[in-house]
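I am attaching a structure below and will ask some questions about it afterwards.
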Amino acid sequence: MKVEDFQLSIVIPTYNEKENIEPLINEIREEVTSAVEYDIVIVDDDSPDGTWLKALNKINCSDVVVRRINLKGLSTAIIDGILFSNKEYVAVMDADLQHPPRYIDEMIKSTINENADVVIASRYKKGGGVEGWSALRLIVSRGATLIAKLLLPSTRRISDPMSGFFMVKRSIVAKNLSKMNPMGFKVLLEILERGSPSIVTEVPYIFRGRLYGKSKLRMKTIIAYILHVLNLCGWRPIKFGIVGAIGTLVNLCVIAFFNYYLPALASGLFVLGSGIAIEASTLSNFIMHEIWTFKDRRVGHPYKRLVLFHTTILPSLLTQLITANIIFYGTSTNPILSQLLGIIIGFPVNYVLSELGIWKKGGGYPATKK
Ligand code: GDD
Ligand code: MN
């Protein structure tokens, strides 16, 4: 595609940005390549400071101001703006001049050259950065990025999945809208996880300090973020924890059963008894993960996964068995307590191995690869 054929809307969500909106539009007009045909879509949530009116007085006739009444929220504003556009590509940027418009040219280039579905302007790619951030703001941003990378596979190879400055092929959003549930501030996560873009690229940029107005980032925003990520990953870590707790109960009940009814397996033959109990809980955990925790990621035959489950978590099972037996035979601790300590030591290895080795991302939903 040639630059002249590139069709672009620039979507700008605003809430109380009256000092920023005019300079921003000026800067866009100066900095975005004149060869590209673009329009501006401002989505304002009825700002009390009248940002929408200022914007209306400033825009060209091809541009638009969407004034949403009784609706609030950054992510939904962005999605509404993307849907409102009728161009093939959409750039999303903040209104507060923290996202310098001059990077839009580079994003256009990357979209064309690499045929990208999503181009992210990244603060954390080499050459990028932030101006005037407190240590606290940096820690919050880095922490949030880490949480996303741990729980959302689509973000793992991206340096700045928390970016609010990006370009996306409009159809990625339009086609997958029914899967999306935009909440909070981080709409890009929704696009990466639910939109299943094939090619994602990043260009480095410097996030500028805010000159006018205040950030709308609050404690509430951080909590909403964590709920958002949990929603996007299907509450998997929480489910995994619940399955683990039930499995622990199964494991300990088997040992308790042996203790009362087959005492040999809870004394001299504890090594066998604890092995049987571990296997019972492994089977019950497997069934619960299949039908609950990872039900959207079942690909291929379940027996294969059952074997894989055993081999993959073998290090964790052996850790449990060895720890329980060392404690039992070495310190004559009660068999149930020995088994419990074995489980606790073996547990952390388990989650990582299951998530990375067995119920990998790729199958099930959202299987919408082109
Ligand atoms: N329409 C609408 N509705 N716009 C909103 C709302 C809302 O409820 N809340 C915030 N905005 C607009 C602001 O006016 C601004 O243009 C943009 O969304 C970002 O809001 P800020 O208050 O400036 O947030 P920030 O600087 O803390 O966060 C930004 O930086 C992050 C990078 O750390 C956001 O852009 C994030 O998306 C970005 O990732
Ligand atoms: Mn900002």
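The values are calculated or read from the model by the stated rules, or taken from the named source; none is laboratory data. Computed from a predicted structure; not experimentally measured. Here the Cβ positions follow ideal geometry from the backbone for every residue, glycine too, while neighbour counts run over all protein chains shown.
What are the pairs with Cβ atoms under 8 angstrom where one residue, in segment 91-113, is farther than 19 Å from Leu217 by Cα and the other, located anywhere, is within 12 Å of ligand 2 (Cβ to nearest atom) and among the basic types (Lys, Arg)? Sequence gap at least six, or different chains.
Pro100/Arg208
Here's a follow-up. Looking at (1) touching a helix residue (DSSP H, G or I) at 6+ places or on another chain (Cβ under 9 Å); (2) away from ligand 1 (no atom under 12 Å from the Cβ), which one does Leu227 not meet, given that it meets all the others?
Just one mismatch for Leu227, condition (1).
Quickly run through segment 255-286 and pick out the residues that are aliphatic (A, V, I, L, M) and either over 22 Å from Pro348 (Cβ atoms) or in the same structural domain as Arg194 (by TED's automatic domain parsing) (or both).
Ala256, Leu262, Ala264, Leu265, Ala266, Leu269, Val271, Leu272, Ile276
Listed here are the residues, each with its yes/no results for (1) within 13 Å of ligand 1 (Cβ to nearest atom); (2) assigned by TED's automatic domain parsing to the domain that holds Arg67; (3) not in a loop (DSSP other than H, G, I, E, B).
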position: Lys87; (1), (2), (3): no, yes, no
position: Ala95; (1), (2), (3): yes, yes, no
position: Asp105; (1), (2), (3): no, yes, yes
position: Ile112; (1), (2), (3): no, yes, yes
position: Val140; (1), (2), (3): yes, yes, yes
position: Gly143; (1), (2), (3): yes, yes, yes
position: Leu150; (1), (2), (3): no, yes, yes
position: Arg157; (1), (2), (3): no, yes, no
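When you scan segment 187-216, how many residues do you find that are exposed (fewer than 14 other Cβ atoms within 10 Å of the Cβ) and either on the phi > 0 side of the Ramachandran plot or part of a helix (DSSP H, G or I) (or both)?
The qualifying residues number 0.
Do we find a residue being on the phi < 0 side of the Ramachandran plot, in a helix (DSSP H, G or I), charged (D, E, K, R) and surrounded by fewer than 14 Cβ atoms within 10 Å (Cβ to Cβ) anywhere in segment 54-72?
Looking through segment 54-72, none of the residues is on the phi < 0 side of the Ramachandran plot, in a helix (DSSP H, G or I), charged (D, E, K, R) and surrounded by fewer than 14 Cβ atoms within 10 Å (Cβ to Cβ).
Among the residues of segment 152-184 satisfying the criterion of being of a type in the set (A, V, I, L, M), farther than 14 Å from Ile199 by Cα and touching a residue at least 60 places away in the same chain (Cβ under 8 Å), which is surrounded by the most Cβ atoms within 10 Å (Cβ to Cβ)?
Only one residue fits best here, namely Val173.
Ok, one more. Residues of segment 167-185 being within 16 Å of ligand 2 (Cβ to nearest atom) and either within 21 Å of Ile40 (Cα to Cα) or in contact with a Leu (Cβ under 6 Å, 6 or more places away or on another chain) (or both), which ones?
The one that is within 16 Å of ligand 2 (Cβ to nearest atom) and either within 21 Å of Ile40 (Cα to Cα) or in contact with a Leu (Cβ under 6 Å, 6 or more places away or on another chain) (or both): Phe185.
Residue by residue, here is whether (1) within 16 Å of ligand 2 (Cβ to nearest atom); (2) acidic (Asp, Glu); (3) in contact (Cβ under 8 Å) with a residue 40 or more places away in the chain holds:
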site	(1), (2), (3)
Glu190	no, yes, yes
Pro197	no, no, yes
Gly209	yes, no, yes
His228	no, no, yes
Gly241	no, no, no
Val271	no, no, yes
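If Trp133 passes every condition in (1) crowded, with 21+ Cβ neighbours inside 10 Å; (2) within 12 Å of ligand 1 (Cβ to nearest atom); (3) not in a helix (DSSP H, G or I) but one, which one does it miss?
The one condition Trp133 does not meet is (1).
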